[in-house]
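Enquirer: My questions all concern the structure below.
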Amino acid sequence: MFGGEVIFRSVATALSVIYTAKKYMVIGLDTLALMYISKNINSDNVLLVLQTILIFYNTEHSPHPANQDTKVKEANQDIMEYEPRNIIRQCFHLIDKTAKKVLESDEVEDISLDLLKSIIQRDSLCIPSELCVWQALNRWSHRQCRRRHISPSQDNKREVLEGSQYYVRYLTMTSKQYKVASSLLTKGEEESILYNLLHMDSSLTKSIQEYQVSMNTPRQRTGGLWKHVWRTKVQTNETKKDKITLAEQILFFIVCILD
């Protein structure tokens, strides 16, 4: 702080200031830090910001001094309620747009399981394929096993993921992609999903049946939607033994360009 002006050198510093301001109830200082953070979020620090803000603001805010003017109190309350939520929304929007880079970053291995779930359940992630999600889960689970001093076996990875592996959109993958991404599933689950990929009308095994709709839902902002539509059409035609029309071949060409 110089001459009454607060100057932040980095986002990490601003996050530390928020902690200090909340701990010692320095009214207004955390708001300045939030304003700085909001203007300096990028794909390199977005996970740190999001995880930290969620931790700092997951409980009730500190009470304002009893002698504070009512209008000032209400204004401050509005800021405290709105700014963190606004930044959280900003973070998720940035993650959507830069999902591939974020999921491939080392930082993804350090976030909480709850935050990881929140990210990978989003329909709006811009990723070239579901392998990005699976690879992030695989790396995260490997790191967690190491932290718990247990072997990073597939069984242990499944245990630390606590069902997160079922949020991968396996049914939007190609058979080749699925072959790579099936290792976090049990043998029965793996075979059930593979059968569904080959026979669209089949139901998944009971243990993962509740995830079938989400597994079959492509991310809305990627070429996955086009691939999904085309795969559905091709498999339907194969089932009916119909020939693919010229118009459908042109559609497939457009799909390839859009991907």
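The values are calculated or read from the model by the stated rules, or taken from the named source; none is laboratory data. Treat the numbers as computed from the prediction; the structure is a model and nothing was measured. Here the Cβ positions follow ideal geometry from the backbone for every residue, glycine too, while neighbour counts run over all protein chains shown. Ligands, DNA and RNA are excluded from the accessible area calculation, which covers all protein heavy atoms including side chains. Shrake-Rupley method; radii C 1.70, N 1.55, O 1.52, S 1.80 Å.
Enquirer: Quick one: which residue in 197, 125 is over 20 Å from the mean Cα position of the chain (by Cα) and open to solvent by less than 20 Å² (accessible area, probe 1.4 Å)? Don't jump to the end; show me each part of the working.
Expert: Values: 125 fails: over 20 Å from the mean Cα position of the chain (by Cα).
197 is the lone residue from the list that is over 20 Å from the mean Cα position of the chain (by Cα) and open to solvent by less than 20 Å² (accessible area, probe 1.4 Å).
Enquirer: Hey, can you tell me all the residues within the stretch 101-120 that are open to solvent by 20 Å² or more (accessible area, probe 1.4 Å) and under 13 Å from residue 134 (Cβ atoms)?
Expert: Matches in the stretch 101-120: 104 only.
Enquirer: For residue 42, only one of the following conditions fails: (1) assigned to a helix (DSSP H, G or I); (2) modelled with pLDDT of 95 or more. What is its number?
Expert: (1)
Enquirer: Only one of 220, 209 is open to solvent by 70 Å² or more (accessible area, probe 1.4 Å) and modelled with pLDDT of 95 or more. Can you tell me which? Don't jump to the end; show me each part of the working.
Expert: Values: 220 fails: modelled with pLDDT of 95 or more.
That would be 209, the only listed residue that is open to solvent by 70 Å² or more (accessible area, probe 1.4 Å) and modelled with pLDDT of 95 or more.
Enquirer: Out of everything in the stretch 145-184 that is open to solvent by 10 Å² or more (accessible area, probe 1.4 Å) and aliphatic (A, V, I, L, M), what residue ends up being nearest to the chain's Cα centre (by Cα)?
Expert: In this case the residue turns out to be 180.
For (1) in contact with a Pro (Cβ under 6 Å, 6 or more places away or on another chain); (2) at pLDDT below 90; (3) outside any helix (DSSP H, G or I); (4) acidic (Asp, Glu), each residue gets a yes or a no:
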{"site": "47", "(1), (2), (3), (4)": "no, no, no, no"}
{"site": "53", "(1), (2), (3), (4)": "yes, no, no, no"}
{"site": "75", "(1), (2), (3), (4)": "no, yes, no, no"}
{"site": "89", "(1), (2), (3), (4)": "no, no, no, no"}
{"site": "95", "(1), (2), (3), (4)": "no, no, no, no"}
{"site": "114", "(1), (2), (3), (4)": "no, no, no, yes"}
